[in-house]
């Protein structure tokens, strides 16, 4: 199959290209920046560039986007142009070309305000049935792009799978409090409990979505590491997360003590990946328990692919307030 991969110089795009290399598919990478897996340099906002890139393409994996780290450095119009118009360009040209499969990388940030319940309430149990309440232009444009995918499935019979991925980036956390209270490795390991996915697992979910798209037709899926919790744990996670986690994954405590690490006092949401595991046949490897095993064995947590892709950064310049400015 001839596959167009957008954002092929970015974190996820490169990971997808690397995984596709061993499948026998012909993958064509496009990005606004050059890179070892990018064949054509240009912007998806340019309809002519998209059209010229689509020749012979049978499927699209669309990872290119403006991200949350760009919210304070790019205009709302920039987000609309890239995340909505760019996606529309790809969908229209894919349909015109006769492509049959379209995998769109969305984000759990699309849920927005639904992710943080009011003070005193249990943690949120986030499944695909939760209605998004975007809190910034990033989330709003990703939700709009998801809706475009559904429109093209309904009007043009284009099989579209939307993957709402949780955090996979290796860059420092944008939250100053987290950076001051936790080492970077400590914070990211904590996140595997409820809001992080290894980039290898995320890339594999995209390949599975590509394979299953014709059977699914249209679907939205949360892509996050398997959480060890159930709904009964939600009140305790919000009020005393370490106490709940000691019961669920007791082996973490000794390793954390050895490293001088801390668990988050409170967890405000849990991403549930059951639908992706059921419909896509996805089997994410790197969950909290697996990462704790890596730490005990003296290994760097996460996948070899995550280390190979490494850090990309989101801006050329540095910012006094953190790795990127926030609203």
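The values are calculated or read from the model by the stated rules, or taken from the named source; none is laboratory data. Just so it is clear, the model here is predicted, and its values are computed rather than measured. Neighbour counts run over all protein chains shown; Cβ positions are idealised from the backbone, glycine included.
Of all residues in region 171-183, those being in contact with a helix residue (DSSP H, G or I) (Cβ under 9 Å, 6 or more places away or on another chain) and either at pLDDT 90 or above or assigned to a helix (DSSP H, G or I) (or both) number 5.
Within region 246-257, not a single residue is in contact (Cβ under 8 Å) with a residue 24 or more places away in the chain, surrounded by fewer than 13 Cβ atoms within 10 Å (Cβ to Cβ), closer than 25 Å to residue 179 by Cβ and touching a helix residue (DSSP H, G or I) at 6+ places or on another chain (Cβ under 7 Å).
How many residues does region 199-209 hold that are surrounded by 24 or more Cβ atoms within 10 Å (Cβ to Cβ) and either closer than 30 Å to residue 242 by Cβ or touching a strand residue (DSSP E or B) at 6+ places or on another chain (Cβ under 9 Å) (or both)?
Looking only at region 199-209, we keep the residues that are surrounded by 24 or more Cβ atoms within 10 Å (Cβ to Cβ), and these are 199, 201-203, 205-206, 209.
Pick out the ones that are also either closer than 30 Å to residue 242 by Cβ or touching a strand residue (DSSP E or B) at 6+ places or on another chain (Cβ under 9 Å) (or both) and you get 199, 201-202, 205-206, 209.
Number satisfying all stated conditions: 6.
Restricting attention to region 119-137, and to residues there that are modelled with pLDDT of 95 or more and farther than 20 Å from residue 220 by Cα, which single residue is surrounded by the fewest Cβ atoms within 10 Å (Cβ to Cβ)? Once the filter is applied, the top-ranked residue is 121. All of 88, 115, 193, 148 fail the test of being modelled with pLDDT of 95 or more and over 30 Å from residue 55 (Cβ atoms), apart from 193.
Residues of region 196-208 that are in contact with a helix residue (DSSP H, G or I) (Cβ under 7 Å, 6 or more places away or on another chain) and not in a helix (DSSP H, G or I): 196, 198.
Listed residues 95, 99; which is within 18 Å of residue 53 (Cβ to Cβ), modelled with pLDDT of 95 or more and part of a loop (DSSP other than H, G, I, E, B)?
Values: 95 fails: part of a loop (DSSP other than H, G, I, E, B).
On inspection, the qualifying residue turns out to be 99.
Looking at residue 215, is it at pLDDT 95 or above and under 24 Å from the mean Cα position of the chain (by Cα)? Answer is yes for this residue.
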